[in-house]
1. Are there chymotrypsin sites (Phe, Trp or Tyr not before Pro) in segment 81-153 that DSSP puts in a loop and that have at most 12 other Cβ atoms within 10 Å, and which ones?
2. Order 206-212, 233-239 from most to least packed using the mean count of other Cβ atoms within 10 Å.
3. Of the residues 108, 201, 250, which exhibits the maximal mean-square fluctuation in a Gaussian network model of the chain defined by a 10 Å Cα contact cut-off?
4. Using R₀ = 35 Å, calculate the FRET efficiency as 1/(1 + (r/R₀)^6) where r is the Cβ-Cβ separation of residue 25 and residue 109; round to 0.05.
5. Hey, what number do you get for the chain at 222 nm if only DSSP H runs of n ≥ 4 count, each worth -39500 (n - 2.57), divided across all residues, to the nearest 500?
6. Give me the dipole magnitude in Debye, nearest 20, for segment 67-108 about the Cα centre, with unit charges on the beta carbon: positive for Lys and Arg, negative for Asp and Glu.
7. For the chain, with only Lys/Arg (+1) and Asp/Glu (-1) charged at the beta-carbon, what is the dipole magnitude about the Cα centre, in debye rounded to 20?
8. So for each of 157-165, 49-57 I average, over its residues, the number of other beta carbons within 10 Å; can you give me the resulting order with the highest mean first?
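Please treat every number below as a calculation from the coordinates, not as lab data. These numbers come from a predicted model, not from an experiment. Every residue, glycine as well, gets a Cβ built from its backbone with ideal geometry; the counts of neighbours run over all protein chains shown.
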Amino acid sequence: MSSDVRRPLISGNWKMNHNHFEAIQCVQKLAYILSKEDLAAVDVSIHPPFTDLRSVQTLIDADELKFILGAQHCHEADSGAFTGEVSAAFLAKLNVSYVIVGHSERRELFGETDEVVHNKIVAIQKHKMTPILCVGETLAEREAGRTHEKVLGQVRSALEKRSVEQVKSMVIAYEPIWAIGTGKTATAGDAQVMIEAIRQEVAKVSSGSAAAAIRLQYGGSVKASNIAEIMSQPDIDGVLVGGASLDPAEFGRICQYRLRPLN
Ligand code: 13P
């Protein structure tokens, strides 16, 4: 079930790396590496830490860069007594377009439940931004044959009560937890199988048109050396890149995957 209308989306999740000076340098270098043609062929979103967002936004605006500004997280409420948190409303004011939600590190280390993830999706879409919903299984769940149950359960919970139009505009990133930051990548074929299953689940819980339009990413140890094979899979529309997005030369090569033949 693939479609020509889904633009490839390459997203760089910097996690807690790069202060705002380093962020500016990194984005400037990336802008130097990527040509107009590169950026006409793919969407590139950059997700720096909160403290960098204003600097990166100013740079994107001033230099009219074609990068999409993204965030890594937000709170579900618009404002209130939530010390240390940042609302979706504030991110929208900074021209943030994409917000990662339900990353496995947030789920595991900060106790984000499926219910909280769903509420955040509602908040992100209320403020006209695009959620990048992360789903994925642990190694133990995979070995116990529970991958589909876990991942598709996360998808169902996140999409509850979302309209077809809202589902169409979302992004879902399949990130097997055992492949994050470990150097282990799901084989492109395995990633395709799971991502196709996610698309079928979207068709079931939302509609066929939502399943055809929603963009599905793979994440987990994506590098310049494996991107072309991953992107050659019919249901994979993009990638969510952690470690390799910190180096502009490597991330630039990932964004230029079309120039790199499969070997
Ligand atoms: P790595 O690319 O470092 O494995 O991280 C993946 C990830 O968690 C992106 O959100």
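1. Working: sites: 82, 90, 98, 110; in loops: 82, 110.
Of the chymotrypsin sites (Phe, Trp or Tyr not before Pro), the ones in loops of segment 81-153 whose Cβ has at most 12 other Cβ atoms within 10 Å are 82, 110.
2. Taking the mean over residues of other Cβ atoms within 10 Å, the ranking is 233-239, 206-212.
3. 108
4. Values: r = 28 Å, r/R0 = 0.80.
Efficiency for this residue pair is about 0.80.
5. Details: 13 runs with 118 residues, N = 263.
That comes out to -12500 deg cm²/dmol.
6. Working: 3 positive and 5 negative charges, 24 e Å.
Charge dipole of segment 67-108: 120 debye, to the nearest 20.
7. Numbers: 28 positive and 32 negative charges, 72 e Å.
Rounded to the nearest 20 debye, it is 340 debye.
8. Values: 157-165: 15.6, 49-57: 17.7.
Highest mean packing first, the order is 49-57, 157-165.
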